[in-house]
Every structure is written in C-alpha cells, then in structure tokens.
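For reference, the structure is listed below as structure tokens.
The values are calculated or read from the model by the stated rules, or taken from the named source; none is laboratory data. Quantities reported herein were computed from a predicted structural model and do not represent experimental measurements. Every residue, glycine as well, gets a Cβ built from its backbone with ideal geometry; the counts of neighbours run over all protein chains shown.
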Amino acid sequence: MNPTTINAQPGTPYIDVVREFDAPPQLVFRAHTDPELLVGWLGPRGMEMEVLEHDARPGGSYRYVHRSREGEFRFRGVFHTVVPDKLIVQTFEYEGTPERVSLDTMRFEDIDGRTRLRMHSVFASVEQRDEMVATGMENGVRDSMERLAEVLRPGRVVVDITMSLDGYVTAPGVDLGTASASAATRCTRGRSARRRARRRSWPRRSSGPAR
C-alpha cells in the first residue's frame, strides 16, 4: 500500500503532503513538468484541464484552467527552482483570489527505484492556510494522487488521507483497482522521441546542447 498523508498542523501556515509511488523519480518528475502528462492527473476527477502555459524552468511560469459544470477555475504560478528529477519550487495562485499565494516545494526522493514525493506549502498566514483547508482541498489532493499513480504505474493502490485543523482524521482507504499498464511505457517512449527530435534539430557545428 502507498498511503498519501496530508498534514495541516493547527497554528501553522503549512500544509505537507507525502506520497510514495512505484516509479522512479525521473518519471514522477516528468509527470509534473510535461504538460501532456500533467493533464492526465492534476486535479479532481470529472474536471477537464487545459494547460495554457507551462515553462518548467527557473523564472518560467505556468497557467492552467479546470472546467466543470460549476464553471472555470484558473490557476497560475512561477517556477523559482527546477532541479531535474529532484526538486521543484514554485508559487501557486488561484486567480479567483489573487491575493492568496503559496510557495510550494516538491522533493522527489529516490528510494531504491521508487519515489517518495514530499510537498510543502507555505502560506502568508495561518488564516490563509486555514481558508485553503476549508475549501475541501483534500478531495483534490486525493484525486490527484490517485490519478498520478494510475499514470505512472499499474497496480492496486490504497490511499489514506489525513486532514484536519484540530488533529488528524483518517478517511477510509480507496481501492483504485487495476490501472493502465501502458502509461509508464508511453512516458518513456515520448521522452525518447523528443530527444531524437532535438538531436536532429541541432546545428551540425554546434558544440553545446540545444536550448
């Protein structure tokens, strides 16, 4: 079992999420930085996601929209630090409340070929953190982690969510069933194809990597 935990300790402006995946850090990192993969897992089930911009490099920015019967929900942010397969530091902002911005750090830890993903979000105040918790964000996190596991690796996964302003509340495990066995292969094949395309596009006399 690979549980997901969400820790929102009372009186602090932080939210911490920890989840392990049966996939190497390279694939988990790529699922966070490749827009084609991102739309397959980020956000609650039942919502359509469109990536408007996603430039995963220091100083780059991202912007996307989730659509449902309730309307559109637009999000944006800036990448501050991007270390391939290891670390992403970015801001996160819901455009409906532009004064509410968090700083999110994602660490991709290698554990014998598997990945422990640690996410740490810092808010401007305890009040802003509590407002985020009150939106029911744990549902979006639950769905996102389940969907990411499906994208990365086939198998049966049980998710355990803990979220509360006054302690821990453990939700029942969710049996996800058998995920698609071809998702990880598509990730690897897509990356190899793009690498071949970049090599073909390099100038013949160039001595450095293409940008």
Q.
Which pairs turn up if I take residues in segment 107-118 that are touching a residue at least 60 places away in the same chain (Cβ under 8 Å) and look for partners that are among the aromatic types (Phe, Trp, Tyr) and assigned to a strand (DSSP E or B) with beta carbon separation below 9 Å, at least 6 apart in sequence or on another chain?
A. Arg114/Phe21; Thr115/Phe21; Thr115/Phe108; Arg116/Phe21; Arg116/Phe108; Leu117/Phe21; Leu117/Phe108; Arg118/Phe108
Q: Scan segment 109-118 for residues that are outside any loop (DSSP other than H, G, I, E, B) and more than 15 Å from Ala149 (Cβ to Cβ) and jot them down.
A: Glu109, Asp110, Ile111, Arg118
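A quick yes/no check of all residues on (1) under 15 Å from Arg107 (Cα atoms); (2) at pLDDT 95 or above; (3) surrounded by fewer than 15 Cβ atoms within 10 Å (Cβ to Cβ); (4) among the basic types (Lys, Arg):
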residue	(1), (2), (3), (4)
Asn2	no, no, no, no
Pro13	no, yes, no, no
Phe21	yes, yes, no, no
Glu53	no, yes, yes, no
Arg57	no, yes, yes, yes
Val65	no, yes, no, no
Arg76	no, yes, no, yes
Q.
Condition (residue is among the aliphatic types (A, V, I, L, M), under 14 Å from the mean Cα position of the chain (by Cα) and at pLDDT below 95) applied to segment 106-128: is it met by at least one residue?
A. no
Q) Tally time: how many residues in segment 119-143 are part of a helix (DSSP H, G or I), within 18 Å of Pro44 (Cβ to Cβ) and hydrophobic (A, V, I, L, M, F, W, C)? A) 5
Q) Of the residues in segment 133-150, how many are touching a Phe, Trp or Tyr at 6+ places or on another chain (Cβ under 7 Å) and within 12 Å of Ile15 (Cβ to Cβ)? A) 0
